[in-house]
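Remarks on the structure that follows.
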Amino acid sequence: MRISVAQAGWRAGGRAIVADVTLEVAEGETFGLIGPNGSGKSTLLRLMAGLLPRAEGEVRLDGLPLTGLGRRETARRVALVEQQAETAEALTARDAVELGRTPWLSALAPFGPADRAIVDEALAAVGMAHMAGARWSTLSGGERQRLHIARALAQRPRILLLDEPTNHLDIHHQLSLLRLVSRLPVTVVMALHDLNQAMACDRIGVMAEGRLAALGPPREVLTPERLAQIFRVGATRLQDPADEATLLRFHCLEDLPRSG
Amino acid sequence: MTVAATFGPRPALWLGLLGAAALGLAILAGVVIGETPLPLPTVMATFANRIWDAGLAVDPIEAGIVWNYRLPRTLVAAACGAGLALSGVVLQSLVRNALADPYLLGVSAGASTGAVAVAILGVGGGLVGLSAGAFGGALLAFALVALLARAAGGGSATLVLAGIAGSQLFNALTSFFIARSASAEQARGIMFWLLGNLSGVRWPDVTLALPAALAGLLLCLWHIRAMDAFSFGTQSAKALGVPVRRVQAVLIGITTLMTAVMVSLVGSIGFVGLVVPHAVRLVVGPRHGALVPWAALAGAIFLIAADVVSRMLIAGQVVPIGVVTALVGAPGFALILIRNRRRP
Ligand SMILES: Nc1ncnc2c1ncn2[C@@H]1O[C@H](COP(=O)(O)OP(=O)(O)OP(=O)(O)O)[C@@H](O)[C@H]1O
Ligand SMILES: [Mg+2]
């Protein structure tokens, strides 16, 4: 499913948190959103999920305006994993993932064997099947993060919006998560802080002060000049001799030997 | 040992039957036990006469006590207990605070003020008038508390603080109305009723309490998935496809209505909405599919028991039922506080 955003914006406290963002993510594409802290990545993802009141501009799914869909229909198409979501309820890991079935169920269509199978599959996909019975309060940060992702998978969305899905995860789970989402037959938009992970996306968008500062394939977007300007870091491009992949190495701008 | 292992392949059916049987037994006990204990055969014969016109020989005075006093009183106790417990379940889920219940959030206090205003000022009058007054007061109290919490920066801890402020305000208003307009005798009657009292309950009260509790139960059952979805917050519920505003309006509306009806019938009874849901959660877990029916059942049985105790505690005197629920509820409340502190 294709998701397009036109002149989207959101204001809070008299300030434009996100302004004039226009972009289109194609069916099956893995799209990375990068930008410094507070640049509006999370807000843009919430806008794309239709969660913000008084949003400016328009979000369309396959050309249909999101506002005409209703919450339930939206949730069947779009799943969002927020940066942080906690509960004080004594839920188990499995309970948390079962919540993902909510938009597909009603009082007349209760949770059934098909839903159970989808939940099992989602738990297995993030490597949490063996901990399905564990209490939420006893889980580590990374385990909770993986369950949030499993919950989004159990929602069976056509578009997956992930807000920093790899933070809290150990390196093995970071890589397996990125592999998982890039292989899913769904459109993925994810906010990332690790620019090397962003390198693996099909395209990336750079947010700066609420605006989309650049958009395109990672190699074109992540130039040393732009990294210096937006992220205030120096960057060197390196090549991995094993597979010719491009890597970025960062250093503080202040530490650069002054040239000239 | 799992539920399925104990009850075979259809646990829901067996558990449902078990619950219904427990409720039936509790109602029977509520009718049998009292200052004049009535033997079970008399009670059963009265039921048979009334329901099937069985024409069995029963002492007419005893039959009168069973049918006109004890049964309606026990049914109203069951309805109130279920309604208050469900109100607690709903509020705890929607505001994500373990301490939320109609009593602590000021809803009961608002309902009392509304009912007292109607009773003293005499506008409307009658059973429905009282309930309508209570409903108005309850809605007003909840709206004020919610606005205050919002103005104070939101968050669920603020809501409880605002609820305390709201309770104090509406209790003061109630006292003010009584001091201003009620005769000494009226005042005594109102104070007694405010503490929770089922002595005056007759059949017309049943026709108000039962439908309110049943409507509440059905609406809660209809929304079990939505209430589950609130576990990770309103944003997350919204992202899961729950029409948050509508669900909040419907569920808070029915909670306020149930509280108002119960307060106008039997006064304001604390701690049921707080302690019963937590006790039930310990046994059946936090998911609302199990929590809603079991909390309703446990609340009903708890209040029937509390009513029996209130009649039996001091011979020849009725202790207000609110006193009994508080005597059991306050220690329960303390346990909840301690458990909450232990949580990581
Ligand atoms: N409801 C709100 N009211 C006021 N300001 C807000 C609100 N939500 C977000 N902001 C502000 O908007 C800015 C962007 O927030 P957002 O969470 O979108 O940033 P982000 O790019 O996701 O940052 P991070 O990398 O730290 O996650 C921040 O400065 C934040 O303080
Ligand atoms: Mg963010």
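Computed values, structure above
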quantity	calculated
Extension gain (nm, one decimal) between residue A:134 and residue A:170, 0.36 nm per residue minus Cα-Cα	11.0 nm
Theoretical FRET efficiency, 1/(1+(r/R0)^6), r = Cβ-Cβ of residue B:192 and residue A:60, R0 60 Å, to 0.05	0.40
Long-range HN-HN contacts of residue A:162 with modeled amide H, under 5 Å	A:81, A:189, A:190, A:191
Phi to ³J(HN,Hα) by Karplus 6.51 cos²θ - 1.76 cosθ + 1.60 over region B:267-281, Hz, x for Gly, Pro	x, 9, 10, x, 6, 5, x, 8, 7, 4, x, 5, 4, 5, 4
Dipole axis of region B:30-342 (+1 Lys, Arg; -1 Asp, Glu on Cβ), positive-most option in B:75, B:265, B:292	B:292
Whole-number D in µm² s⁻¹ for region A:110-250, Kirkwood Cα-pair radius fed into Stokes-Einstein, 20 °C, 1.002 mPa s	126
Residue among B:316, B:94, B:274 farthest towards the positive dipole end of chain B, charges placed on Cβ	B:94
Candidate residues A:169, B:15: accessible-area rank, largest first, probe 1.4 Å	B:15, A:169
Local electrostatic count, residue B:252, Cβ distance below 12 Å [Lys/Arg +1, Asp/Glu -1]	+2
Size of electric dipole in chain B: Cβ of Lys, Arg +1 and of Asp, Glu -1, about Cα centre, debye, nearest 20	1220
Accessible area in square angstrom per residue, chain B, 1.4 angstrom probe	45
Karplus-derived 3J(HN,Hα), 6.51/-1.76/1.60, for each residue of region B:75-88, Hz, glycine and proline x	5, 5, 4, 4, 4, 5, x, 5, x, 5, 5, 5, 4, x
Rounded if a/c under 1.5, otherwise prolate or oblate - region B:134-242, Cα gyration tensor axes	oblate
Positive dipole terminus of the protein assembly as shown, leading residue within B:231, A:14, A:134 (C-beta point charges)	A:14
Convex hull per residue volume in Å³, alpha carbons only, for region B:258-344	102
Student exercise, the protein assembly as shown dipole from Lys, Arg, Asp, Glu Cβ charges, in Debye to nearest 20	380
For the protein assembly as shown, average projected area of the Cα convex hull in nm²	34.5
Rounded to the nearest 10 Å², the accessible area of residue B:323 at probe 1.4 Å	50
Amide H partners (placed H, <5 Å) of residue A:233, local residues excluded	A:228
Cβ crowding within 10 Å averaged over residues, with A:146-152, B:226-232 ranked highest first	A:146-152, B:226-232
Where B:67, B:203, B:222, B:52 fall by accessible area, highest first, once all protein chains stay in place (1.4 Å)	B:52, B:222, B:203, B:67
Debye log10 I(q)/I(0) for region A:3-217, one point scatterer per Cα, at q = 0.16, 0.19 Å⁻¹	-1.10, -1.45
Folded to 0 to 90 degrees: helix A:171-183 orientation relative to chain A principal axis, Cα	80
Karplus (6.51, -1.76, 1.60) ³J(HN,Hα), θ = phi - 60°, over region B:289-298, in Hz, Gly and Pro reported as x	x, 8, 4, 4, x, 6, 5, 4, 5, 5
Peptide A:85-95 - average C-beta neighbours from other chains (10 Å radius)	5
Cα shape, chain B, gyration tensor, a/c 1.5 rule	oblate
Relative contact order [Cα under 8 Å, 6+ residues apart], chain A, whole percent	25
Within 10 Å of each Cβ in B:285-296, the average number of Cβ atoms from other chains	2
Hull volume in cubic angstrom per residue (convex hull over the Cα atoms of region B:44-178)	136
Distance in nm between pseudo-label sites at residue A:1 and residue A:29 (7 Å out along the Cβ direction from Cα)	1.7
Centre separation in Å (Cα based) which lies between region A:87-128 and region B:255-269	36
Long-range amide H partners of residue A:17 with built H, under 5 Å	A:10, A:11, A:12
Alpha-carbon Debye profile of region B:200-344, log10 I(q)/I(0) at 0.13, 0.19 Å⁻¹	-0.69, -1.29
Average projection area in nm² (convex hull over Cα atoms of region A:32-84, one quarter of hull surface)	4.5
Dimensions (Å) - region A:170-260, Cα atoms, principal axes, largest first	50, 36, 24
Inter-probe distance in nm under a simple model that places probes 7 Å from Cα toward Cβ, at residue A:243 and residue B:175	7.4
Centroid-to-centroid separation of region A:150-166 and region B:284-344 [C-alpha atoms, Å]	41
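The values are calculated or read from the model by the stated rules, or taken from the named source; none is laboratory data. Fair warning: this is a prediction, and the values are worked out from it, not measured in the lab. Note that we place each Cβ from the backbone using ideal geometry, even for glycine, and neighbour counts take in every protein chain shown. For the accessible areas, the whole protein counts, side chains as well, though only heavy atoms, and no ligand, DNA or RNA atoms are used. Shrake-Rupley method; radii C 1.70, N 1.55, O 1.52, S 1.80 Å.
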